[in-house]
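The next block holds one structure in the form of structure tokens; read it before the comments.
The values are calculated or read from the model by the stated rules, or taken from the named source; none is laboratory data. This structure is a prediction, so every number in the text was calculated from the model and none was measured. Don't worry about glycine lacking a Cβ; one is built from the backbone with ideal geometry, like all the others, and counts go over all protein chains shown.
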Amino acid sequence: MEFKVRKARKEDKEQMLQLYNSFTKSYVGSASRTLKSFARMFRRKDAVNYVALDRQNRIVGYVHAVLEKRNRTGEFRDIIVDPKHDFKQIANLLVEKVNSAFAEKKAAALVAGSLRNPTYEKIFPKLGFMELESKGVFMYAILDAQKLLNELGPIFANHLDQAEGWNGLAQIQCDEHSLFLEKTAKGVQQVVWTNRPADFKVKLSGTTLTKLIFGLADPVECYRDRQLEVESTVDKTQTVQLLEQLFPTRQFLTLDFW
């Protein structure tokens with residue numbers, strides 16, 4: 001399929017927001033964005049924004065980048081692609097446009113922070129980018145376990161929806177707070193509260209949960225080392241499969257630069 005790329009316009013912000021939400025629902029830490037967020041993006045004079053369109057002129061991807069005038073550095077902030085389409089194909093088209101724009105603006109250097117984003121690894125090395133290790137320190141603390149679980153609900157629901165051969169009630173309990181997810185043939189729904197016993201229950205501390213959602217720990221190793229407890233109606237093999245589905249080790253963070 002062929003796609004065309006043009007500069008993003010203010011009237012694109014609704015489609016771009018929908019695309020962002022669709023793309024990030026599988027990932028931990030998706031920044032909370034609204035139409036106002038995109039309105040601010042379009043007001044930035046240093047922003048370079050492009051969208052990719054399909055044959056029906058529907059937006060299937062966008063890129064948001066910024067040229068920092070102080071040090072003449074071009075920085076890629078967002079590369080978002082409809083999950084139904086080929087990320088590499090559309091992302092390459094968008095990145096090429098931004099590269100050309102940065103060249104016209106005489107950018108001295110280009111930066112693309114991956115933030116553990118495995119999809120970025122598919123395109124940037126071929127464009128001449130080198131991987132550099134950051135020496136910054138990232139610290140995270142859970143102040144409200146229930147709020148965090150509720151915010152992660154859609155992400156865990158999406159992970160659980162991809163689990164094959166299992167339906168039932170799943171419970172993730174952290175520091176006496178719980179998230180309930182009901183998986184049926186029709187999909188996964190978050191349950192506010194139930195007194196039904198869970199078919200698959202994971203009990204863990206805030207520290208372990210933090211490590212798992214940031215991809216710093218392996219769920220199976222945590223299970224074996226008793227850093228988390230599991231109560232399940234399925235055998236050990238499927239228990240491991242469900243843990244790996246809920247807490248994939250390859251996931252990435254999206255942090256809000258705006």
- Mind listing just one residue for me: the one in region 176-190 that is buried (at least 17 other Cβ atoms within 10 Å of the Cβ) and of a type outside the set (Gly, Ala, Ser) and, of those, nearest to Lys25 (Cα to Cα)? Val188
- Give me the pairs, please: first residue somewhere in region 227-244 and among the small types (Gly, Ala, Ser), second residue anywhere and modelled with pLDDT of 95 or more and in a helix (DSSP H, G or I), beta-carbon distance under 9 Å, and either six or more positions apart or on two chains. Ser232/Gln238; Ser232/Thr239; Ser232/Leu242
- Considering Leu204, Leu209, which residue is buried (at least 16 other Cβ atoms within 10 Å of the Cβ) and at pLDDT 95 or above? Leu204
- Determine whether Leu110 is outside the structural domain of Phe214 (by TED's automatic domain parsing), buried (at least 18 other Cβ atoms within 10 Å of the Cβ) and over 30 Å from Leu212 (Cα atoms). yes
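Check whether at least one residue in region 40-61 is touching a residue at least 24 places away in the same chain (Cβ under 8 Å), closer than 30 Å to Thr210 by Cβ, out of contact with any strand residue (DSSP E or B) (no Cβ under 7 Å at 6 or more places or on another chain) and not in a loop (DSSP other than H, G, I, E, B), and report yes or no.
Checking region 40-61: at least one residue is touching a residue at least 24 places away in the same chain (Cβ under 8 Å), closer than 30 Å to Thr210 by Cβ, out of contact with any strand residue (DSSP E or B) (no Cβ under 7 Å at 6 or more places or on another chain) and not in a loop (DSSP other than H, G, I, E, B).
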- Selected residue [more than 26 Å from Ser32 (Cα to Cα), assigned to a strand (DSSP E or B) and of a type outside the set (Ser, Thr, Tyr)] from Val230, Val234, Val220: Val230
